[in-house]
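Just below is one structure, and these are the notes that go with it.
The values are calculated or read from the model by the stated rules, or taken from the named source; none is laboratory data. Only a predicted model underlies this, so the values are computations on that prediction, with no experimental measurement involved. Positions of Cβ are backbone-derived with ideal geometry, glycine not excepted, and every protein chain shown enters the neighbour counts. Quick note on the areas: whole protein, heavy atoms, side chains included, nothing else; ligands and nucleic acids left out. Shrake-Rupley method; radii C 1.70, N 1.55, O 1.52, S 1.80 Å.
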Amino acid sequence: MRRKIIAGNWKMHMLRQPGTALASEISRVASANPEVDVVLCPPYTLLGAVGDAIGDSLASLGAQDAFWRDAGAYTGQVSPVMLIDAGVTYVIVGHSECRGRFGVPEPDFDETVLRHFGDTDRTVNLKLLACLSAGLRVICCVGETLGEREAGQTDATVQAQIEAAIVGAEDLSAVVVAYEPVWAIGTGRTCDTQEADRVCGVIRSHIRRLRGADAADRLRIQYGGSVKRSNARELLSMPNIDGALVGGASLVAQEFAGIIEACR
Ligand code: PGA
């Protein structure tokens, strides 16, 4: 039986006061639901404050990204060892927004600006390996754009992304995969429950082919993309969906608490 894992990706939201209040409230909910792993991923600026608010509750602290080197002349980057030093245990890597793939297209982000969001399958792999070797747990995001879905490339896209991400990672026990169809992120458009479960199953079958039955059966796969309290129970009851990666609804205590409670 795989433990459910609910992670809140705060993205570029929250200042200190509302952020610590939210984290305190969610920490209480986490401790009241010990059968669920609860992870809060605030922006870097709030890692310390949210870590303090989590205290010795059962919630875990997560980061939204990491660089692949321990230290060096990499202005603006944050390394896995720095995250460990800040009390972090989980890191999101390969989020579609870091790959420059947006659910809600940004009209003034032309090609030259999109390059800023530079993750590729190769950098996602470097980040995943660096985080694992530092002792962090990784939430590795994969997912197709609307164009890829309409072209019938959903399965091939997620298979290629997950295969590239885990190259050289022998042990997947500290890896969680998040299936996040790009067109469902921040759009209010949730993927149909059966279809979300089917694609999570495609990912699991691909891991089975690559790494064997044991690794596949143990791998936790989250769904992400417009998850809210009202659709969480149905999604979380599916056989291949072991949790949720939640953006917008993780910023509202009642919503996020409802998603955690929907694991029961
Ligand atoms: P959303 O974001 O829940 O706001 O759609 C999910 C994510 O990007 O992780």
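At a probe size of 1.4 Å, how large is the accessible area of Ser173, to the nearest 10 Å²?
About 80 Å², ignoring ligands and nucleic acids.
Hey, any idea what % of the range 66-147's accessible area is carbon plus sulfur with a 1.4 Å probe?
Carbon and sulfur together cover 55 percent of it.
So what's the net charge close to Asp37: Lys and Arg +1, Asp and Glu -1, counting the other residues with Cβ under 11 Å from its Cβ?
+3
Ranking request for peptides 56-68, 198-210: highest mean number of other beta-carbon atoms within 10 Å first, then the rest in descending order. List each step's numbers first, then the result.
Values: 56-68: 20.5, 198-210: 18.0.
So the peptides 56-68, 198-210, ranked by packing, come out 56-68, 198-210.
At 0.36 nm per residue, minus the direct Cα-Cα distance, what do Gln17 and Arg264 gain on full extension? Give it in nm, one decimal, please.
85.9 nm
Setting aside same-chain residues fewer than 8 positions from Lys228, which lysines have a Cα under 25 Å from its Cα?
Lys4, Lys11
Rounded, prolate or oblate: which fits the range 209-248, taking a ≥ b ≥ c as square roots of the Cα gyration tensor eigenvalues, rounded meaning a/c under 1.5, else prolate when a/b beats b/c?
Note, shape of the range 209-248 comes out prolate.
On full extension of the chain, what length is gained from Arg189 through Asp171, given 0.36 nm per residue of separation minus the C-alpha to C-alpha distance?
Stretched out fully, the Arg189 to Asp171 stretch lengthens by 3.1 nm.
Multiply the residue separation of Ala86 and Asp108 by 0.36 nm, subtract the distance between their alpha-carbon atoms, and state the gained length in nm to one decimal. Please list the in-between numbers first.
Working: separation 22, 0.36 × 22 = 7.92 nm, distance 3.48 nm.
Length gained between Ala86 and Asp108: 4.4 nm.
Considering the zone a paramagnetic label at Asp56 would reach in this model (a point 7 Å from Cα along the Cα-to-Cβ line), which residues of the range 8-32 have amide N under 14 Å from it?
No residue passes the distance filter.
When the dipole is taken about the Cα centre of the range 4-261, and only Lys, Arg (+1) and Asp, Glu (-1) are charged at their Cβ, what size is it in debye, to the nearest 20?
Using Cβ point charges on Lys, Arg, Asp and Glu, the range 4-261 gives about 200 debye.
Viscosity 0.692 mPa s, temperature 37 °C: Stokes-Einstein D of the range 1-116 from its Kirkwood Cα radius, in µm² per second?
It comes out at roughly 212 µm²/s.
Enter the per residue convex hull volume of the chain, computed from alpha-carbon coordinates, in Å³ rounded to the nearest integer.
That works out to 123 Å³ per residue.
By per-residue mean of other Cβ atoms within 10 Å, what is the highest-first order of 87-100, 119-132?
87-100, 119-132
Note down the nm distance, to one decimal, between modelled labels 7 Å out along Cα→Cβ at Asp155 and at Gln77.
Label-label distance for Asp155 and Gln77, simple model: 3.7 nm.
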